[in-house]
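Step one of this worksheet: look at the structure below.
The values are calculated or read from the model by the stated rules, or taken from the named source; none is laboratory data. Computed from a prediction, not measured in an experiment: that's the story for all the values here. For neighbour counting, all protein chains shown are included, and Cβ atoms are generated from backbone atoms with ideal geometry for every residue, glycine included.
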Amino acid sequence: MLTVRIPKELEKKIRARAKVNNRTISEQLREYLLIVTAAEENDDLPFSFIKDTLEAKKEIENGIFSDYKFGILK
């Protein structure tokens, strides 16, 4: 276990985002750390691309996807 001290204003923002995303504070912080780590490792990619890619990966892991068929319009 790790204890980290953060400013009250930042804590309020994290609590609010956790609530909106239906996560615990720890889950929200883990999500932020995952995004920041990916951003540091891929500094040429936009934040939104990294966030969307990680979200898509989670959807695949949870079976929320469908195969894309090239050239077929529905």
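So which pairs qualify, if the first residue must be in the stretch 4-26 and without any contact (Cβ under 8 Å) to a residue 24 or more places away in the chain, the second must be polar (S, T, N, Q), the Cβ gap must be under 7 Å, and the two must be at least 6 apart or on different chains?
So the pair list comes out as Ile14/Gln28; Arg17/Gln28; Ala18/Thr24; Ala18/Gln28; Asn21/Gln28.
Scan (1) within 11 Å of the chain's Cα centre (by Cα); (2) loosely packed, with under 10 Cβ neighbours inside 10 Å for the single condition Val36 breaks and write down its number.
Exception for Val36: condition (2).
From Ala18, Ala38, grab the single residue that is modelled with pLDDT of 95 or more, aliphatic (A, V, I, L, M) and not in a loop (DSSP other than H, G, I, E, B). Full working, then the answer.
On the way: Ala38 fails: modelled with pLDDT of 95 or more.
Being modelled with pLDDT of 95 or more, aliphatic (A, V, I, L, M) and not in a loop (DSSP other than H, G, I, E, B) holds for just one of Ala18, Ala38, which is Ala18.
Kindly evaluate Ile60 against the criterion of being at pLDDT below 95 and not in a helix (DSSP H, G or I).
On the way: at pLDDT below 95: yes; not in a helix (DSSP H, G or I): no.
Answer is no for this residue.
I'd like to check something: does the stretch 65-74 contain any residue that is under 14 Å from the mean Cα position of the chain (by Cα), farther than 27 Å from Thr3 by Cβ and of a type in the set (Gly, Ala, Ser)? Show your work before the answer.
Just the residues of the stretch 65-74 that are under 14 Å from the mean Cα position of the chain (by Cα), to begin with: none.
Within the stretch 65-74, none of the residues are under 14 Å from the mean Cα position of the chain (by Cα), farther than 27 Å from Thr3 by Cβ and of a type in the set (Gly, Ala, Ser).
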